[in-house]
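**Q** My questions will all concern the structure given below.
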Amino acid sequence: MIRNVFVDVILAAAVALVLASTVGLLAMRDTYQRVHYLTPLALVAPLLLGLAILVQSGSTVSSSLTWLALVFIVITGPFLSHATIRAIRIRETGDWRLGADAEATGDAGSPGDQP
Amino acid sequence: MNAFVAAAVAMLVAIVPCGFLLVRGTIMDAVVAYEAITAIAVMVLILLAEGFRRSGEFELPVLLAVLMFGSGLVFVRLLERWL
């Protein structure tokens, strides 16, 4: 009984987190802000889901496969977010490094910037 | 309908805002929405396999999680400069 309540609470938290993240994805103004909402969706919600299945099923083959999939999402999610932000930056300025856009436009900065 | 199936249905509802963003946003917004949708799809497959007690179907989300990473990287790499 207590186990079922615990599982229900964890699942409700995971679902609420996913719904809030997708609403945040839609509500933000630009893509840089939207990428931030991938993190709770791809990091926290899978951990809650894996915890719920571990509590429900115990240590079984099913829960092991679940954790395999979820750990893969948790590990690769930040790499994918980083690659996405890098791609957005390159599409906008031609290079991911800071200052590359200023070099491309010929802006060398103010005289006080030079040593 | 147990709690896992109900959670799967609720998570499928979360795909609607992502679909709206995918259709109406810029191309990089669509990539972000695609990444969110694939992460949700992995969780939905896990929830359905657990909800219907089908242990053989737990391999699908593992495969999708691996493919999600590869396809996401291919998308962002191509959209970086060439598309």
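**Q** Mind pulling up the Rg/Rh value for the protein assembly as shown? Radius of gyration and Kirkwood radius, both on Cα. If you can, show how the numbers build up before the last one.
**A** Numbers: Rg = 19.6 Å, Rh = 17.9 Å.
Rg/Rh for the protein assembly as shown comes to 1.09.
**Q** Put +1 on the Cβ of every Lys and Arg and -1 on every Asp and Glu Cβ in chain A; which of A:1, A:32, A:77 then has its Cα farthest towards the positive end of the dipole?
**A** Positive-most Cα among the choices belongs to A:1.
**Q** Give me the distance in nm between label points sitting 7 Å out from Cα along the Cα-to-Cβ direction at residue A:27 and residue A:71, one decimal.
**A** Going by the 7 Å Cα→Cβ label model, 3.5 nm.
**Q** Which stretch or stretches of the range B:1-40 have amide N atoms under 20 Å from the point lying 7 Å from residue B:74's Cα along the Cα→Cβ direction?
**A** Zone members listed by number: B:27-40.
**Q** Could you work out the helix-only [θ] at 222 nm for chain B, with each DSSP H run of four or more residues adding -39,500 (n - 2.57) and the total divided by the number of residues, to the nearest 500 deg cm²/dmol?
**A** Values: 4 runs with 69 residues, N = 83.
When only DSSP H runs of four or more count, the value is -28000 deg cm²/dmol.
**Q** With springs only between Cα atoms under 10 Å apart, run a GNM on chain A and tell me which of A:43, A:65, A:51 wobbles the most.
**A** In the Gaussian network model the winner is A:65.
**Q** Work out how far the C-alpha atoms of the range B:3-81 reach from end to end along every principal axis, then list the three figures in whole Å, largest first.
**A** 45, 24, 10
**Q** With each pseudo-label sitting 7 Å past Cα toward Cβ, what's the residue B:2-residue A:13 distance in nm, one decimal?
**A** In this crude label model, residue B:2 to residue A:13 measures out at 2.1 nm.
**Q** Still on this model: Å³ per residue of the Cα convex hull, for chain A?
**A** Numbers: hull volume 16.7 nm³, N = 115.
Convex hull of Cα atoms, per residue: 146 Å³.
**Q** So, one more: Can you tell me the dipole magnitude for the protein assembly as shown around its Cα centre, using point charges on the Cβ only (Lys, Arg +1; Asp, Glu -1), in Debye to the nearest 20?
**A** Numbers: 12 positive and 14 negative charges, 89 e Å.
That gives the protein assembly as shown a dipole magnitude of about 420 debye.
Values in this text are rule-based calculations from the coordinates and carry no lab data. On a predicted model such as this, the values are computed, not experimentally measured, just so you know. No Cβ is skipped: glycine too gets one built from the backbone with ideal geometry, and neighbour counts run over all protein chains shown.
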